[in-house]
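Here is the structure we will look at.
The values are calculated or read from the model by the stated rules, or taken from the named source; none is laboratory data. This structure is a prediction, so every number in the text was calculated from the model and none was measured. Don't worry about glycine lacking a Cβ; one is built from the backbone with ideal geometry, like all the others, and counts go over all protein chains shown.
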Amino acid sequence: MSRFICRKLAAGFDCGWFRGTILGQVAMLFTTAMLASQPVYGGEISPKFVPGEVWNDTDGKPINAHGGGVLYHQGVYYWYGEFKTGKTYLPDCNKSWGGTRVDVVGVSCYSSTNLYDWKNEGLVLPAVTDDPQHDLHPSKALERPKVIYNKTTKQYVMWMHIDSASYAAALSGVAVSDKPTGPFKYQGSFRPNAGVWPENVTDADKVKSDANPLARDFEKGQMARDMTVFVDDDGKAYQFYSSEENPVMHVSLLTDDYLRPAGKYNRIFIGRKMEAPTVFKHAGKYYVIASGCTAWEPNAARLAVADQIMGPWTELGNPCEGTDADKTFRSQSTFVLPVQGRKDTFIFMADRWKQWDLPDSRYVWLPIEFDDQGKPILRWHDTWSLDSNQNHNQASAKGANGVVARQR
Ligand code: GAL
């Protein structure tokens, strides 16, 4: 149903005679249901985020961009993510840890100028169905795509986690495009930092053994699973990836064209098994919000801060507060989105995975608040909006960043 009809119906409820009729009652129920199932309304009805509910695009279809990230470029936000469709199944190789999957279809892109209304721009990096060996074959894994823009080469560069169905390959894939809406051209995959020791390596780290994946993988490159990329104010870009069988994260400088590791990296969060990294910068400090390592099951988020992006990083505990804080509000981090033109305004983007119906996994977007010491805090909101002037006709809580939210 179009928003126009929705708004008309909503307006109709102001007429007492219409509300009094059976048709009026039916229309009111129907419209209420529609309003509840669609997160966002422009016009007379306040636009809002509704974390965890189905979020429709401008065609009225559920947005399909999981494990995603957002690029802001020339007035437009582009949301890239895993397009998940079809049957969710559990391959034999992943039975021991419940690693359900759907076949790879590709990376989707949606565009928006207001962050509420998203237009489907289609699959910008589709699967390659006719070559079973190809990284993008449906039988492989393609997760957590993130796109950054290189001002010098004028290329849009997509980084993603590429893997075999069993997640043993642990590779980083790169694709490029000269337009944000693609098509992206796949460049291939690799294990980052082959033949290079991290800057903070110790002598013990260099001793080869099966129990030491850093040294074991020195020649062929480091394992790279969950990942993100971050562009700093000086234009330098970094990849954060879960490595060494997952217990250690690496922060790795990229080459100036953003296409490869530059050969300078550090081991961080050693032994902490952190996944799903997000990175942002606020008031001169760098922050990571990541998850623990429990596959599709949610766990408590981890917050960390650093003065330099390469570290040292200091963990600050779980940034979530309130009910379900120990499960990141039943979701897992995927990106932190700086809202353009609004000081101190960041959106925490997360996935509420449905292990047995992955395409119906939902998005949890929440405002990041900062306490008196500048520490990021996440609180649940049933609905919220960016615009402090909007009236939700409900009790609302105003955060320091002007975000208006209705609390549970
Ligand atoms: C999660 C990871 C997801 C996906 C999943 C597979 O831990 O964050 O991106 O790989 O495991 O079960």
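Applying the criterion of being in a strand (DSSP E or B) and hydroxyl-bearing (Ser, Thr, Tyr) to the residues of region 48-79, the residue that is nearest to the ligand (Cβ to nearest atom) is Tyr78.
Assessment of region 121-128 against the conditions (closer than 22 Å to Met223 by Cα and away from the ligand (no atom under 12 Å from the Cβ)) yields no matching residue.
Quick check on Glu245: is it modelled with pLDDT of 95 or more, surrounded by fewer than 19 Cβ atoms within 10 Å (Cβ to Cβ) and within 16 Å of the ligand (Cβ to nearest atom)?
Details: modelled with pLDDT of 95 or more: yes; surrounded by fewer than 19 Cβ atoms within 10 Å (Cβ to Cβ): yes; within 16 Å of the ligand (Cβ to nearest atom): yes.
Answer is yes for this residue.
Being in contact (Cβ under 8 Å) with a residue 60 or more places away in the chain, loosely packed, with under 14 Cβ neighbours inside 10 Å and farther than 24 Å from Phe269 by Cα is a description that does not apply to Lys185. In region 255-332, counting only strands (runs of 3 or more DSSP E) that sit wholly within it, the ones holding 3 or more residues that are of a type in the set (A, V, I, L, M, F, W, C) and away from the ligand (no atom under 16 Å from the Cβ) span 302-306. Pairing residues of region 80-100 that are part of a helix (DSSP H, G or I) with residues that are hydrophobic (A, V, I, L, M, F, W, C) and more than 12 Å from the ligand (Cβ to nearest atom), at Cβ distances under 9 Å and at least 6 apart in sequence or on separate chains, gives Cys93/Ala168. Any residue in region 347-374 that is hydroxyl-bearing (Ser, Thr, Tyr) sitting within a Cβ distance under 6 Å of a residue that is within 14 Å of the ligand (Cβ to nearest atom) and in a loop (DSSP other than H, G, I, E, B)? List the pairs, counting only those 6 or more apart or interchain. Every condition considered, the pairs that remain are Ser361/Trp353; Ser361/Lys354. Take the conditions (1) farther than 27 Å from Val104 by Cα; (2) away from the ligand (no atom under 16 Å from the Cβ); (3) aliphatic (A, V, I, L, M); (4) out of contact with any helix residue (DSSP H, G or I) (no Cβ under 9 Å at 6 or more places or on another chain); Leu378 misses just one of them, which is (4).
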